[in-house]
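Encoded as structure tokens, the structure appears first; notes follow it.
The values are calculated or read from the model by the stated rules, or taken from the named source; none is laboratory data. What you see is a predicted model; the values in this text were computed from it and never measured. A quick note on method: Cβ atoms are made from the backbone with ideal geometry, for glycine too, and the neighbour counts reach across all protein chains shown.
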Amino acid sequence: MLRTLAMAIALACLAFGAAPASAGTDIARLTPFKADRVVVFKGERKLVLMRGEHVLRVYRVALGRNATGHKIKVGDNRTPEGDYVLDSRLADSKFYRAIHISYPNWYDRARAEFLGVEPGGAIMIHGLPNNMPGDYVGHPAIDWTNGCIAVTNREIDEIWALVEDGTEINIYP
């Protein structure tokens, strides 16, 4: 009997861990698992929180206004592609919460130096602009950022709760 109860609780925890992004932020607090990897598919405008090979959440995102291709230089409005780390957080920025992506990495800096340009930086996963509704910027139907990855405020709250600093992020075309 005790073994059956333990199995039922474990299955319930897994079910909560696979809850869709449309579930409320209370689900994020109930999920026993933190993400150990974030994967972004730029072409599909999807951000996926993973734990091992299991999908915890999927979010629709907006990207940089010039989203096609890898970020090359400051001001190109592209979202980078490659392997990075989520390395810090900003609770108070011009957007509702922001998690910093470690762009540029060594490859990005070397490429920019070779091209004689500055690689840029301050690439984040963030919520909507402060005091501005999502439909004002066209979120998520329109790519409106300067190279960042944008989600709704409710979604950044979930991501904030489920992702720790030091988590790997892989950004694919």
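So which residues in the stretch 105-136 are surrounded by fewer than 18 Cβ atoms within 10 Å (Cβ to Cβ), part of a loop (DSSP other than H, G, I, E, B) and either touching a Gly at 6+ places or on another chain (Cβ under 7 Å) or at pLDDT below 95 (or both)? Walk me through it before giving the result.
Here is the first cut: in the stretch 105-136, the residues surrounded by fewer than 18 Cβ atoms within 10 Å (Cβ to Cβ) are 105-107, 109-111, 113-118, 121-122, 130-133, 135-136.
From what is left, the residues that are part of a loop (DSSP other than H, G, I, E, B) are 105, 116-118, 121-122, 130-133.
Hits for the stretch 105-136 are 105, 121, 122, 130, 131, 132, 133.
Close contacts from the stretch 71-87, counting a first residue that is of a type in the set (A, V, I, L, M) and a second that is at pLDDT below 95, with Cβ to Cβ under 6 Å and a gap of 6+ residues or different chains, come to 74/120.
Considering every residue within the stretch 72-79, establish whether at least one is touching a His at 6+ places or on another chain (Cβ under 8 Å) and closer than 16 Å to residue 173 by Cβ. Among the residues of the stretch 72-79, at least one is touching a His at 6+ places or on another chain (Cβ under 8 Å) and closer than 16 Å to residue 173 by Cβ, which makes the answer yes.
Hey, can you tell me all the residues within the stretch 47-104 that are of a type in the set (S, T, N, Q) and either in contact with a helix residue (DSSP H, G or I) (Cβ under 9 Å, 6 or more places away or on another chain) or surrounded by 16 or more Cβ atoms within 10 Å (Cβ to Cβ) (or both)?
As a first pass, look at the stretch 47-104 and keep what is of a type in the set (S, T, N, Q): 66, 68, 77, 79, 88, 93, 102.
Passing the criteria: 68, 77, 79, 93, 102.
The number of residues in the stretch 15-73 that are modelled with pLDDT of 95 or more, assigned to a helix (DSSP H, G or I) and acidic (Asp, Glu) comes to 1. Could you tell me which of the residues 89, 154, 97 is of a type outside the set (Asp, Glu), outside any loop (DSSP other than H, G, I, E, B), at positive phi and under 16 Å from the mean Cα position of the chain (by Cα)? Within the list 89, 154, 97, the selection yields 97. Could you run through the stretch 121-136 and say how many residues are touching a residue at least 12 places away in the same chain (Cβ under 8 Å) and either touching a Phe, Trp or Tyr at 6+ places or on another chain (Cβ under 8 Å) or of a type in the set (S, T, N, Q) (or both)? Residues in the stretch 121-136 being touching a residue at least 12 places away in the same chain (Cβ under 8 Å) and either touching a Phe, Trp or Tyr at 6+ places or on another chain (Cβ under 8 Å) or of a type in the set (S, T, N, Q) (or both): 8 in total.
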